[in-house]
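Report on the structure given below.
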């Protein structure tokens, strides 16, 4: 028997596609993102959060996160195909769901500790926002439809790929997830959002496609918001505070 047959099969890393932007471009995009977040924070502090969340303007606020990618791609003359709108295998979604279940165990523990300390979770903040809204339509549209596309394009397609090319996939996963968490401007959601970022970045690494992350992001946001919205429409005994996890 040959030595090749005697050796156990190894699990190889997926191929990494080289991207035509540099790590300088990536950090420039991060600086632009910080400036956009600062502007959005000022707008939120000067106006009513409820008014912003139930108007069509919230769509343009979310789309603003694409501005760094648009500007850098136009400057470098880069085609959008490099972001990773590729086909993917069905096993990747199973992997993502499994990782997400493990991630939610940590998130539940995190939120349980916050509740014991008397600190509001992200879910409770969103719940209060729902109660102020006359109609949550625009908020749902942005959070469930626009956010998965916009955020996956920026944080995974642009940021993660650029970091991976320079620092390797593990460091790129940590870096892009940390920036993803910080960009949400919510201290109590840092850990849950960081964990979600880890899962989504790893999915991108395994598939080199934006679609698994977009689908999983859509499912996470949609199911969480539906559970929160239902909790203000149905009797409270149907729900526990442990549902407030995203």
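The values are calculated or read from the model by the stated rules, or taken from the named source; none is laboratory data. Quick caveat: nothing in here was measured; it's all calculated off a predicted structure. Don't worry about glycine lacking a Cβ; one is built from the backbone with ideal geometry, like all the others, and counts go over all protein chains shown.
Every condition in (1) loosely packed, with under 13 Cβ neighbours inside 10 Å; (2) within 17 Å of residue 193 (Cβ to Cβ) is met by residue 126 except one, and the failing one is (1).
Just checking, does region 179-196 include any residue being within 20 Å of residue 21 (Cβ to Cβ) and free of Cβ contacts under 8 Å to residues at least 12 places away in the same chain? Within region 179-196 (the criterion being within 20 Å of residue 21 (Cβ to Cβ) and free of Cβ contacts under 8 Å to residues at least 12 places away in the same chain), the answer is no, since none of the residues qualifies. You will find that of 199, 106, 92, the residue that is in contact with a helix residue (DSSP H, G or I) (Cβ under 8 Å, 6 or more places away or on another chain) and surrounded by fewer than 17 Cβ atoms within 10 Å (Cβ to Cβ) is 106 and no other. For region 148-203, filtering for residues that are within 19 Å of residue 28 (Cβ to Cβ) and not in a helix (DSSP H, G or I) leaves 1. Among the residues of region 41-56, those that are within 30 Å of residue 74 (Cβ to Cβ), modelled with pLDDT under 75 and under 22 Å from the mean Cα position of the chain (by Cα) comprise 44, 52, 56. Give me the residue from region 18-40 that is surrounded by fewer than 16 Cβ atoms within 10 Å (Cβ to Cβ) and not in a helix (DSSP H, G or I) and, out of that set, modelled with the lowest pLDDT. Here the residue is 18.
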